[in-house]
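> Just passing along the structure, written as structure tokens.
The values are calculated or read from the model by the stated rules, or taken from the named source; none is laboratory data. The shown structure was predicted, so the numbers you read here are calculated from the model rather than taken from an experiment. Note that we place each Cβ from the backbone using ideal geometry, even for glycine, and neighbour counts take in every protein chain shown. Note: areas computed on protein heavy atoms with side chains; ligands, DNA, RNA excluded. Shrake-Rupley method; radii C 1.70, N 1.55, O 1.52, S 1.80 Å.
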Amino acid sequence: WYLLAQAPHIRAQLRQEAVAALGDRMPTTDDLERMPLGGQVFDEALRLYPPAWLITRKAIAADEVGGVQVAPGSLVILSPYVIHRHPQFWRTPLAFDPARFSPGQDRERPRYAYIPFGGGARLCIGNNFATIEARLIMAMIVRRFDLDLLPGEDVIVDALVTLRPRGGLQMRLTPV
């Protein structure tokens, strides 16, 4: 909602998509294919603000990563937050650009350049449920309301176990 408040043109496109796909009825999972922009917005929001900003793993054997020796038992830390903003993988990495998740765009980046739910054998088991739930909720809200930051609202990211806005996200809800 924070990102959409800063990009009202994308919010308007998202609303048009949701209204065209749903009308006034409640969405179902069958509707998701008719709302591709919703998926792109959600993926881009997770790129900029991945819920798990750090992933830790313990090395079970000696290894080498990027020319660095890793001893057995070492703690290895990956940061999706940093990877998702790395200019080697993303053009204009700090910009909110849902189009980077348009069909075929993933061919341009390495497999693990986007890991909001982790990756490989330890991929979050709830990733599909979270994505479906978030996209359906987003469609229901965006077709009926605008959410805008309150004037003077300064959003600061708190990096706790998950990323969250310090003090919450103070927004105005306006029916459309």
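> Would you mention how many residues in segment 15-63 are over 22 Å from the mean Cα position of the chain (by Cα) and among the hydroxyl-bearing types (Ser, Thr, Tyr)?
Selection size over segment 15-63: 0.
> Looking at segment 142-167 only, could you name the residues that are surrounded by 14 or more Cβ atoms within 10 Å (Cβ to Cβ), without any contact (Cβ under 8 Å) to a residue 24 or more places away in the chain and within 30 Å of residue 26 (Cα to Cα)?
Answer for segment 142-167, where residues must be surrounded by 14 or more Cβ atoms within 10 Å (Cβ to Cβ), without any contact (Cβ under 8 Å) to a residue 24 or more places away in the chain and within 30 Å of residue 26 (Cα to Cα): just 164.
> Being in a strand (DSSP E or B), touching a Ser or Thr at 6+ places or on another chain (Cβ under 9 Å) and without any contact (Cβ under 8 Å) to a residue 24 or more places away in the chain is the filter here; which residues of segment 36-60 pass it? Steps first, please.
Filtering segment 36-60 down to residues in a strand (DSSP E or B) leaves 55-58.
Subset that is touching a Ser or Thr at 6+ places or on another chain (Cβ under 9 Å): 55, 58.
Within segment 36-60, 58 is the sole residue that qualifies.
> Considering only residues of segment 130-141 that are under 14 Å from the mean Cα position of the chain (by Cα) and over 21 Å from residue 79 (Cα atoms), which is surrounded by the fewest Cβ atoms within 10 Å (Cβ to Cβ)? Spell out the reasoning first.
Kept after step one, since they are under 14 Å from the mean Cα position of the chain (by Cα), are these residues of segment 130-141: 130-135, 138.
Subset that is over 21 Å from residue 79 (Cα atoms): 132-135, 138.
Details: 132: 15, 133: 12, 134: 16, 135: 21, 138: 21.
That would be 133.
> Now a separate question. Scan segment 64-73 for residues that are loosely packed, with under 14 Cβ neighbours inside 10 Å and either over 29 Å from the mean Cα position of the chain (by Cα) or modelled with pLDDT of 95 or more (or both) and jot them down. Talk me through it step by step, then tell me what you get.
Kept after step one, since they are loosely packed, with under 14 Cβ neighbours inside 10 Å, are these residues of segment 64-73: 64-69, 71-73.
Those that are loosely packed, with under 14 Cβ neighbours inside 10 Å and either over 29 Å from the mean Cα position of the chain (by Cα) or modelled with pLDDT of 95 or more (or both): 64, 67, 68, 69, 71, 72, 73.
> Quick check on segment 90-123: of everything there that is open to solvent by 60 Å² or more (accessible area, probe 1.4 Å) and of a type outside the set (D, E, K, R), which residue is farthest from residue 28 (Cα to Cα)?
Once the filter is applied, the top-ranked residue is 92.
> Quick test of your reading of the structure: residue 146 fulfils all but one of (1) part of a helix (DSSP H, G or I); (2) at pLDDT 95 or above; (3) over 14 Å from residue 44 (Cα atoms); (4) charged (D, E, K, R). Name the failing condition by number.
All conditions pass for residue 146, except number (1).
> Going by the conditions given, is residue 77 free of Cβ contacts under 8 Å to residues at least 60 places away in the same chain, more than 16 Å from the chain's Cα centre (by Cα) and open to solvent by 90 Å² or more (accessible area, probe 1.4 Å)?
Numbers: free of Cβ contacts under 8 Å to residues at least 60 places away in the same chain: yes; more than 16 Å from the chain's Cα centre (by Cα): yes; open to solvent by 90 Å² or more (accessible area, probe 1.4 Å): yes.
Yes.
> If you scan segment 6-47, which residues turn out to be of a type outside the set (A, V, I, L, M), over 23 Å from residue 114 (Cβ atoms) and open to solvent by 40 Å² or more (accessible area, probe 1.4 Å)?
Within segment 6-47, the subset of a type outside the set (A, V, I, L, M) is 6, 8-9, 11, 13, 15-17, 23-25, 27-31, 33-34, 36, 38-40, 42-44, 47.
Next, from what is left, pick out any that are over 23 Å from residue 114 (Cβ atoms): 8-9, 15-16, 23-25, 27-28, 30-31, 34.
If the condition is that a residue be of a type outside the set (A, V, I, L, M), over 23 Å from residue 114 (Cβ atoms) and open to solvent by 40 Å² or more (accessible area, probe 1.4 Å), then 8, 9, 15, 16, 24, 25, 28, 30, 34 are the ones that fit.
> While we're on this one: Which of the residues belonging to segment 55-90 are within 18 Å of residue 120 (Cβ to Cβ) and aromatic (Phe, Trp, Tyr)?
89
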